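Working notes for the structure below.
The values are calculated or read from the model by the stated rules, or taken from the named source; none is laboratory data. Nothing here was measured: the structure is a model prediction, and the numbers come from that model. All Cβ positions, even for glycine, are placed from backbone atoms using ideal geometry, and neighbour counts span all protein chains on display.
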Amino acid sequence: MTGAQTVFRSLVIACGLLAASCNDNPAAKFIQKGTFNLSDDLMNASFSLAFTDQVQAPFDATFPIKTYGSVFATPYVDAAHTFEVGMNLNLQALYDNDFAQMTPTSTLPNGMSFPVKTPFPLIEVDAGSIVSGVGAKVLAYLDIKAFKWLGLATMVRGLDKNFPANLEVSQVFLFDKQGAPALVGTFFGPKLANDGTVERSGGLAIFANVKALAELRGSSRQPMEIRPEGPLEIRGARAEYYRTHPAELQKAAEAMAKALSELK
């Protein structure tokens, strides 16, 4: 298994178990914090989620977004340097004419709406793919209208038979001053075609409101460390079933984790 494959396998296993752990603070078991930083000249933003030492992914990976930055993962070293995934971007990317020509979207890869309300649809940029093994596609999301939101998503083929289709499970990591989500992690199931075959794989998405996070950081020049806030939000056609049957959601996550653990 390549380093990039191991990164995404570990990422999805962790998020599946996060979704299954329906207690007061489910993210705390697998994700220890979010981080946000903005350069002094306000031109470079980065955000990430750092996992606990239960996710000891040993490899790193970088998927460039043209020359502006990347979607990245850094490896587990020890309890003080854990596995982390996120994005860093020069905000000049929001003014790139190539991106302005793309068709914007308001939906995740499985066709469900974003877990956050953006004032305008976002541009979806294909950052790269892993073809063999686990099979993953990496996407970046850019807000070229309101210049507020950045996001990333991974679609992982290994989820197709092991997490409920058309289901979305989200965790807010920080709310803005108006009480709206400013940093959110989402786990989403695959999208199925009419004949029941997988049309698009499920995966993980992270969305950050850069302007709101910059306001919350204030005059500080230190990176913000953010702990999970609020309950899980479960959306989709069978959301009520999984809200009232958490054991079934846990069973699905465990099956998915087992399947991913067996990938070569």
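Residues of region 184-242 being touching a Lys or Arg at 6+ places or on another chain (Cβ under 8 Å) and under 17 Å from Leu38 (Cα atoms), which ones?
Asn209, Val210, Lys211, Ala212, Glu215, Leu216, Met224, Glu225, Ile226
How about region 139-148: which of its residues are in contact with a Phe, Trp or Tyr (Cβ under 7 Å, 6 or more places away or on another chain) and either free of Cβ contacts under 8 Å to residues at least 40 places away in the same chain or surrounded by fewer than 24 Cβ atoms within 10 Å (Cβ to Cβ) (or both)?
The answer is Asp143, Ile144, Lys145, Ala146.
Please verify whether Gln5 is at pLDDT 50 or above, farther than 24 Å from Ala247 by Cβ, over 13 Å from the mean Cα position of the chain (by Cα) and not charged (D, E, K, R), treating the condition exactly as stated.
Values: at pLDDT 50 or above: no; farther than 24 Å from Ala247 by Cβ: yes; over 13 Å from the mean Cα position of the chain (by Cα): yes; not charged (D, E, K, R): yes.
So Gln5 does not fit the description; no.
Assuming Phe188 fulfils every condition listed in (1) touching a strand residue (DSSP E or B) at 6+ places or on another chain (Cβ under 7 Å); (2) at pLDDT 95 or above apart from one, which condition is it?
The single condition Phe188 does not satisfy is (2).
Considering only region 24-53, how many residues are part of a strand (DSSP E or B) and either at pLDDT below 90 or surrounded by fewer than 16 Cβ atoms within 10 Å (Cβ to Cβ) (or both)?
We begin by selecting, within region 24-53, every residue part of a strand (DSSP E or B); these are 31-38, 44-51.
Narrowing the set further to residues that are either at pLDDT below 90 or surrounded by fewer than 16 Cβ atoms within 10 Å (Cβ to Cβ) (or both) leaves 31-34, 49-51.
Going through region 24-53 one residue at a time, the tally reaches 7.
Can you spot a residue in region 73-90 that is more than 27 Å from Arg235 (Cα to Cα), modelled with pLDDT of 95 or more and buried (at least 20 other Cβ atoms within 10 Å of the Cβ)?
Scanning region 73-90, I find at least one residue that is more than 27 Å from Arg235 (Cα to Cα), modelled with pLDDT of 95 or more and buried (at least 20 other Cβ atoms within 10 Å of the Cβ), so the answer is yes.
Out of region 93-102, which residues are in contact (Cβ under 8 Å) with a residue 12 or more places away in the chain and farther than 17 Å from Leu152 by Cα? Spell out how you get there, then give the answer.
Taking region 93-102 first, the residues in contact (Cβ under 8 Å) with a residue 12 or more places away in the chain are 93-96, 98-100, 102.
Of everything in region 93-102, those that are in contact (Cβ under 8 Å) with a residue 12 or more places away in the chain and farther than 17 Å from Leu152 by Cα turn out to be Tyr95, Asp96, Asp98, Ala100.
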